[in-house]
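Single-structure report; data block below.
The values are calculated or read from the model by the stated rules, or taken from the named source; none is laboratory data. Everything quoted here is computed from the prediction, not taken from an experiment. Cβ placement follows ideal geometry from the backbone for every residue including glycine, while neighbour counts extend to all protein chains displayed.
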Amino acid sequence: MLEIQEKAPIIHCEFIAEDIFLLALHSPRIAEKAMPGQFLMIRIGFFDDPLLRRPFSIHQVSAEGKIEMLIKIVGRGSKVLATLKPGMKIDIVGPLGRGFFTNPQGTVCLVGGGMGIAPLSFLGKRLQRTKNPPAGHVLLGARTANEVEIFQRQFIGMGYRVGVATDDGTLGHHGFVTELFDDLLASVKMVYVCGPHPMMRKIALKCLEHGIDCQVSMETVMACGLGACLGCTINGADNSYVHVCKDGPVFEAEEVAWDR
């Protein structure tokens, strides 16, 4: 799939939590081609500062050509994006990377932690629109209730059985989202995971131990998003190096060397 570069107009930019905002762009060509798990590379500044593009996973798309990204303010680039207004245009490249497999057999489970919830919304909706929608569970982990309530409602609206874990106990289970997964080991056939590395490692290893198909969406620092800069390499299970931007970001759990 060939990527598209264009200047896309902003539809809206709004905060949904204290330091998390939803950025929506109008890009019909990219929206039509995008698959769950893929991402965009965005030029943040209007000149050369910041110089490098930033990667952002696709949170949702619409038939009308809207692309949504869920962004947390963590540095100068995300702070700049949070100030953009409707009608302004930003330079984007996408859709990039390898996405999720969306034709599973049997019950599925989507596990998202923190900002890793973002691409699972797109995946969850796409799975429910297949010819034979799978029965499904969603497990969501976050620091506190106001970071996860909106996504809990979204997935319930899609028809999923949703479990929530928060670090501070303000919603659902008080603890790690991985602690909710054991009860599903006997029933799920396909697991999709995105979030902090320790969370993904724990889920992936449990799936490998119990013979459950599992796909993980890896996150690394990227400079180009096209496989040219070699900055996003991780260790593959076969002792090779793989590029998250090009070979991923979605990998089968057994393709990743979790202990290196």
Residues of segment 239-255 satisfying the condition of being modelled with pLDDT under 95 and β-branched (Val, Ile, Thr) | Val242, Val244
If the Cβ limit is 7 Å and pairs must be 6+ apart or interchain, which residue in segment 1-28 that is under 14 Å from Ile42 (Cβ atoms) and touching a residue at least 12 places away in the same chain (Cβ under 8 Å) pairs with which residue that is aliphatic (A, V, I, L, M) and surrounded by fewer than 14 Cβ atoms within 10 Å (Cβ to Cβ)?
-> Ile10/Met88
Given the conditions (1) at negative phi; (2) buried (at least 19 other Cβ atoms within 10 Å of the Cβ); (3) at pLDDT 95 or above, report the number of the one that Arg54 does not fulfil.
-> (3)
Of the residues in segment 177-201, those that are surrounded by 17 or more Cβ atoms within 10 Å (Cβ to Cβ) and in a loop (DSSP other than H, G, I, E, B) number 3
Listed residues Glu209, Glu219; which is modelled with pLDDT under 95 and either within 20 Å of Phe122 (Cβ to Cβ) or in the same structural domain as Gly248 (by TED's automatic domain parsing) (or both)?
-> Glu219
Inside segment 10-31, the number of residues satisfying the requirement of being surrounded by 14 or more Cβ atoms within 10 Å (Cβ to Cβ) and within 19 Å of Met88 (Cβ to Cβ) is 14
Taking Thr130 and the conditions (1) of a type in the set (S, T, N, Q); (2) more than 20 Å from Met69 (Cα to Cα); (3) surrounded by 15 or more Cβ atoms within 10 Å (Cβ to Cβ); (4) at pLDDT below 95, which numbered condition does it fall short on, given that it satisfies the others?
-> (3)
Single condition Gly113 does not satisfy, out of (1) among the small types (Gly, Ala, Ser); (2) at pLDDT 95 or above; (3) not assigned by TED's automatic domain parsing to the domain that holds Ile150 | (3)
Quick one: is Phe122 touching a strand residue (DSSP E or B) at 6+ places or on another chain (Cβ under 8 Å) and in the same structural domain as Thr166 (by TED's automatic domain parsing)?
-> yes
Starting from segment 174-186, keep only residues that are among the polar types (S, T, N, Q), then list their pairs with residues that are part of a helix (DSSP H, G or I) whose Cβ atoms are within a distance under 9 Å, requiring at least 6 positions of separation or different chains.
-> Thr178/Pro198; Thr178/Met199; Thr178/Lys202; Thr178/Ile203; Thr178/Lys206
Does segment 217-224 include one or more residues that are within 21 Å of Phe56 (Cα to Cα), touching a Gly at 6+ places or on another chain (Cβ under 7 Å) and surrounded by 22 or more Cβ atoms within 10 Å (Cβ to Cβ)?
-> yes
Residue set Cys207, Cys214, Cys245, Cys232; condition buried (at least 16 other Cβ atoms within 10 Å of the Cβ), at negative phi and in contact with a His (Cβ under 6 Å, 6 or more places away or on another chain); output residue Cys232
Go through (1) crowded, with 22+ Cβ neighbours inside 10 Å; (2) in a loop (DSSP other than H, G, I, E, B) and name the single condition Ile71 misses.
-> (2)
